[in-house]
Amino acid sequence: MKFDYIIGNPPYQDISKNSKGRKLYLFITEKMINKFNEEMIFLTPKQISNIKKKRFELSKLNNVKFIDFDVDKYFNVGVEIILFQLTNYKVDKIKIKENNNIYYSKLPLKKDEIIPTIMFNKIKDLGSKQEDKLFIGDVTSNGNEDENGKYKIIINYIKNKIRYTNVKPKLYKKKKVVIHMGKVYNENNFLISYDDYGQYQNMIDLTNYNEDDINNLKLFLFHPIVTNLVKKFRIFYGTGFNNIIYFFRKYNKNKLNNYIKNNKLDDFIIDYFKLNKEELNYLFSNDIKLKSKNIKDEKKNRSKETGEIFTPKELVNYMLDLIEYKWDKSKTFLDPTCGNGNILVEIAKRGEDPKNIFGVDLFEDNIIECKNRLKKIYLEHKYDIDYINKYLDKNIKVENALEFDYNFNQKLELF
Ligand SMILES: C[S@@+](CC[C@H](N)C(=O)[O-])C[C@H]1O[C@@H](n2cnc3c(N)ncnc32)[C@H](O)[C@@H]1O
């Protein structure tokens, strides 16, 4: 069976206990891409944009558009999330929504339609221009090898797993700041530690830092301009912190302290990144809020077992607004991991007919709840109860998204 739109937020957990980091969302997304060639809008962890060789490289598909949206505004699930839209191959134009303006662009998008290239290059160059070395980059440590010639490191972001490496960890046993990859860029994820981390973590040497220096560093790193800069780059370049931290890796600590003392941090940052008015406007486009947020307060509990993080209503509607559709009951929708129906419910509220809405989830209680919610909406929309039940039974199923054939008992129609 074919669907016009596949919309989802697939589960983020590992595929099994021995999955070696292979995540379910990869398999589900890949299955959707391969099985159907319809328009897809998926909310997934950022890593998917950069999966090389092993499975597929989403960012290389020429009909993919990464949507610039402020994820912190909607929810925080402990992994970095991106939103992408895969348009049907027949479509050669893409709708871009920015600052409430909508315009169309041909596919594939050129880089400078996403972010001014000049700005990107300019910031990339910064590393070599500043004076002080703050970010360790190429600094080596004086750590000792163990009897096997290995160094112990702690991979903190994988549940404090201990690993051994042949390469001396950066800043071995030194006081440092670690900002973990895969986490939201904010003050809560700024960690001061003596532990040793893998080569791919970004660390700042705090050896000669007093408390004021550290506070000033935080003010700099998490200033709204810098935060927005990081967000924009992470959304579009999907390469984690390695590239981003590079922008700050050499700067003058004393200069920063002086600027802050004179209440001129904004000036310091604008000058450091050589930002002009247009670029500043760009950084603050798309609703990115000036005030920093306390993400901890917003953090939702996330079930590691089932990956049941349900998409907030506002974000679902944001996703639905991305598609060009008159909501005239002419199209079909599939959510392959529909949970208790947050996405399908919003589609139903927009007036879609029960026969056009399809959903699958692994868990029966989710499916029961999903059907009940849809039923309530359809009753409010004055659909006949038998008609509602017929299609809810046919279209909303307890199934494994990876194994299901997506036929939804269509054959029954023949008899
Ligand atoms: C991130 S939640 C999203 C739910 C819903 N689409 C939403 O946006 O609110 C992922 C859902 O996938 C379901 N799930 C996990 N593994 C699955 C599988 N193999 N097949 C189908 N659904 C699965 C979970 O039960 C969970 O409800």
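The values are calculated or read from the model by the stated rules, or taken from the named source; none is laboratory data. All values derive from a computational prediction rather than experimental measurement. Quick reminder, even Gly has a Cβ in these numbers, built from the backbone with ideal geometry, and neighbours come from all protein chains shown.
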Report summary line: Note on the stretch 220-278: residues at pLDDT 65 or above and among the aliphatic types (A, V, I, L, M) are L221, I225, V226, L229, V230, L256, I260, L265, I269, I270, L275
Requested in this report: Go through the stretch 183-201 and give me each residue that's in contact with a strand residue (DSSP E or B) (Cβ under 8 Å, 6 or more places away or on another chain), modelled with pLDDT under 75 and under 22 Å from V71 (Cα atoms).
Outcome: Y185, N189
Requested in this report: State yes or no: is L392 surrounded by fewer than 15 Cβ atoms within 10 Å (Cβ to Cβ), away from the ligand (no atom under 16 Å from the Cβ), assigned to a helix (DSSP H, G or I) and more than 29 Å from the chain's Cα centre (by Cα)?
Outcome: no
Query raised in the report: When only residues in the stretch 352-380 that are at pLDDT 95 or above and in a loop (DSSP other than H, G, I, E, B) count, which is farthest from the ligand (Cβ to nearest atom)?
Result: D353
Query raised in the report: Across the stretch 321-342, which residue is surrounded by the fewest Cβ atoms within 10 Å (Cβ to Cβ) among those that are under 19 Å from the mean Cα position of the chain (by Cα) and more than 12 Å from the ligand (Cβ to nearest atom)?
Result: D321
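Okay, residues lined up against (1) among the polar types (S, T, N, Q); (2) within 19 Å of E39 (Cα to Cα); (3) at pLDDT below 95:
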{"site": "F310", "(1), (2), (3)": "no, no, yes"}
{"site": "S330", "(1), (2), (3)": "yes, yes, yes"}
{"site": "L334", "(1), (2), (3)": "no, yes, no"}
{"site": "R350", "(1), (2), (3)": "no, yes, no"}
{"site": "I385", "(1), (2), (3)": "no, no, no"}
{"site": "E413", "(1), (2), (3)": "no, no, yes"}
Report summary line: Within the stretch 395-406, residues out of contact with any Cys (no Cβ under 8 Å at 6 or more places or on another chain) and more than 10 Å from the ligand (Cβ to nearest atom) come out as N395, D405, Y406
Report task. Test each condition in (1) on the phi < 0 side of the Ramachandran plot; (2) touching a strand residue (DSSP E or B) at 6+ places or on another chain (Cβ under 9 Å) for K355 and report the one that comes out false. Result -> (2)
Report task. Would you check if N76 is at pLDDT below 65, of a type outside the set (D, E, K, R) and not in a strand (DSSP E or B)? Result -> no
Query raised in the report: Cβ-Cβ below 7 Å, separation at least six or inter-chain, first residue in the stretch 312-330 and in a helix (DSSP H, G or I), second of a type in the set (V, I, T): which pairs?
Result: V316/I343; M319/I7; M319/I41; L320/I347
